[in-house]
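A short worksheet on the structure shown next.
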Amino acid sequence: MTPMPYAAITGIDTHAHIFRQDLPMVPGRRYSPSYDATVEQYLAHLDACGLSQGVLIQPSFLGTDNHYMVEALQRFPERLRGVAVVDAQVSDAELDELAAAGVVGVRLNLIGKALEDYTGPAWSGLFRRLARRGWQVEIQRGFDDLALIVPAILESDVTVVIDHFGLPAPSVQLDAAQHAVFFDLLGQAPVWIKLSAAYRSQSDLSRAQAIEARLREACGGVGRFLWGSDWPNTQFESQTRYDQQFALLEALLPNPEERRRVLVDNPATLFGFASA
């Protein structure tokens, strides 16, 4: 894992996926790609938008077989970091191998899944091991359930990252009393928010702006915001493009200083890109 001089970092996309359609896929998956999304294609998108680095997120349909992502991380150690999918019982040796390749976190994609007891010994033990490594736990789950999940994980002192604005459905009223617990949590805990994939919660620009404003209020600014393209926008490939997702960030954060913080300062530290 090779850090870069801070001055060389022009922008970091913190959420993208790579895969091949011929890779082994997990049974019961919600989605099967009919095309390949290669690391070379992804790096070309970064280059086109003037971005220096990216974070690869293990796709849910590949399960805990992270080898395709790991190979890409090993090929481009200065440009890429990774977030893996693992079992709660993953060995320290396996985590060491992932860390050596540039993995800095673990993802819980909980869409369509029954919630487990994340305070139980298996999961809490894993979270504590991740915390000791300085890794993060990234969560994808609908907005209404985040307050049920995040506090239990935070008990292990691990950093938490919330995907895709928290996935607030169109019916979610951001000022409703039942969401106060989650917003209060954002003001006091090491929880980061990805401004990514607004389309997954059917949010147009005005709705995304309203959500961003409420999250900013809860977080006390943009100091824990990140941006991700969600490339190649699985299941929404025909509805958006990489450059459109980058343009959404520019619309959300017209202030160049804030935008640089979200694109450079915040993720450079969280994902271990910058050298001391």
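Values for this structure:
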quantity	calculated
Taking the convex hull of Cα positions in the chain, its mean projected area over all directions (nm²)	13.6 nm²
Value of relative contact order over the chain, rounded to a whole percent, pairs C-alpha under 8 Å and six or more apart	21 percent
Computed lengthening from Ala180 to Tyr35, 0.36 nm per intervening residue step minus Cα-Cα distance	48.1 nm
For region 1-138: rounded, prolate or oblate by the Cα gyration tensor [a/c cutoff 1.5]	oblate
DSSP-defined antiparallel bridges as percent of all bridges, the chain, nearest 5	5 percent
Charge context of Gln244, other residues only, Cβ under 15 angstrom, K/R +1, D/E -1	-4
Nonlocal amide H pairs with Val103, under 5 Å, H built at 1.01 Å	Gly82
Zone residues, region 241-275, relative to Ala8, backbone N less than 18 Å from point 7 Å out along Cα-to-Cβ	264-265, 267-275
Accessible surface of Arg216 - all protein chains present, 1.4 Å probe, nearest 10 Å²	60 Å²
Accessible heavy-atom area order of Met69, Met25, highest first, probe of 1.4 Å	Met25, Met69
Helix-only CD estimate at 222 nm, as mean residue ellipticity for the chain, using -39500 (n - 2.57) per DSSP H run (n ≥ 4)	-10000 deg cm²/dmol
Computed accessible area, Tyr118, all protein chains, 1.4 angstrom probe, square angstrom	10 Å²
Dipole of the chain, positive direction: furthest Cα of Gln235, Gly187, Leu51, with charges on the beta-carbon	Gly187
Surface accessible to a 1.4 Å probe, per residue, for the residues of the chain, Å²	42 Å²
Spacing of the two label points (7 Å from each Cα toward its C-beta) at Ser238 and Ala114, in nm	3.5 nm
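The values are calculated or read from the model by the stated rules, or taken from the named source; none is laboratory data. Predicted model only: the values in this text are computed from it and were never measured. Note that we place each Cβ from the backbone using ideal geometry, even for glycine, and neighbour counts take in every protein chain shown. The accessibility values were calculated without ligands, DNA or RNA, using every heavy atom of the protein model including side chains. Shrake-Rupley method; radii C 1.70, N 1.55, O 1.52, S 1.80 Å.
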